[in-house]
Amino acid sequence: MDIYLAVSIFLWIVIASLAIVSSRQAIASLAIIITSGYIALRSNSMSALWPLVASFMLWLATALISIRRNAIGITRREIENSGALASIPFLIFSATLLFKHPGYGAFGVILWFLLWYYLKTTCKSLSTLCLLIFYLPTLLFMVVYRTPIAVVYGVVTLWLQREIKILQKLRNKK
């Protein structure tokens, strides 16, 4: 089990390093997450740690998207399905909710499949409804965990929104 943890930590460090090299937004988002983590640890609030874990998972997901776009390049199919990326914050919220409230988390993951398909077909651009769905997990974190540190999730979601806008601009050019 220890070797799997070591490999996982090594891969996370590699992904984080590549993301930091590729984007200033990655540096700013990671600095905000680390600062908020320090504040949460100093306040001894266990409910603040779950939104931080989710923020870090969203940061890693966005970093992978950014690395893919900058280093490897993107295919036409990925550009056409960029609306589905708007469902990532809801997926990570549901996955995090699985640990504290397993029933609600499982329902959220099932609901995510429907949301993913809906956003894939209808969110060709980030309209008002798509943005409302996009930022809803940040509000839900604030309500469920009762902590203002959940706003950090919104900061990382903003970085993801900018990545999606870049993909949608590429689609409009083609």
Members of the stretch 145-158 found to be within 14 Å of SER47 (Cβ to Cβ) and open to solvent by less than 50 Å² (accessible area, probe 1.4 Å), listed by number: TYR145, THR147, ILE149, ALA150, VAL152, TYR153
Subset of the stretch 117-128 that is closer than 16 Å to THR157 by Cβ and in a helix (DSSP H, G or I) - its residue that is most open to solvent (accessible area, probe 1.4 Å): THR128
Selection within the stretch 1-31 - open to solvent by less than 50 Å² (accessible area, probe 1.4 Å) and over 14 Å from TYR153 (Cα atoms): SER8, ILE15, ALA16, ALA19, SER22, SER23
Hey, ARG146 under 17 Å from VAL53 (Cβ atoms) and charged (D, E, K, R) or not: yes
Count - residues of the stretch 32-78 that are open to solvent by 70 Å² or more (accessible area, probe 1.4 Å) and either in contact with an Asp or Glu (Cβ under 9 Å, 6 or more places away or on another chain) or under 13 Å from VAL151 (Cβ atoms) (or both): 3
Residue match in the stretch 108-115 (condition: out of contact with any helix residue (DSSP H, G or I) (no Cβ under 6 Å at 6 or more places or on another chain), open to solvent by 30 Å² or more (accessible area, probe 1.4 Å), in contact (Cβ under 8 Å) with a residue 12 or more places away in the chain and over 24 Å from LEU18 (Cα atoms)): yes
Some residue of the stretch 46-68 being more than 30 Å from VAL143 (Cα to Cα) and part of a helix (DSSP H, G or I): yes
Candidate set from the stretch 33-90 (those that are touching a residue at least 24 places away in the same chain (Cβ under 8 Å) and hydroxyl-bearing (Ser, Thr, Tyr)); member that is farthest from LEU158 (Cα to Cα): SER45
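The values are calculated or read from the model by the stated rules, or taken from the named source; none is laboratory data. Owing to the predicted nature of the structure, the values given are computational and were not obtained by experimental measurement. Here the Cβ is made from the backbone with ideal geometry for all residues, glycine too, and neighbour counts use every protein chain on show. Calculation scope for accessible area: heavy atoms of the full protein, side chains included, ligands and nucleic acids excluded. Shrake-Rupley method; radii C 1.70, N 1.55, O 1.52, S 1.80 Å.
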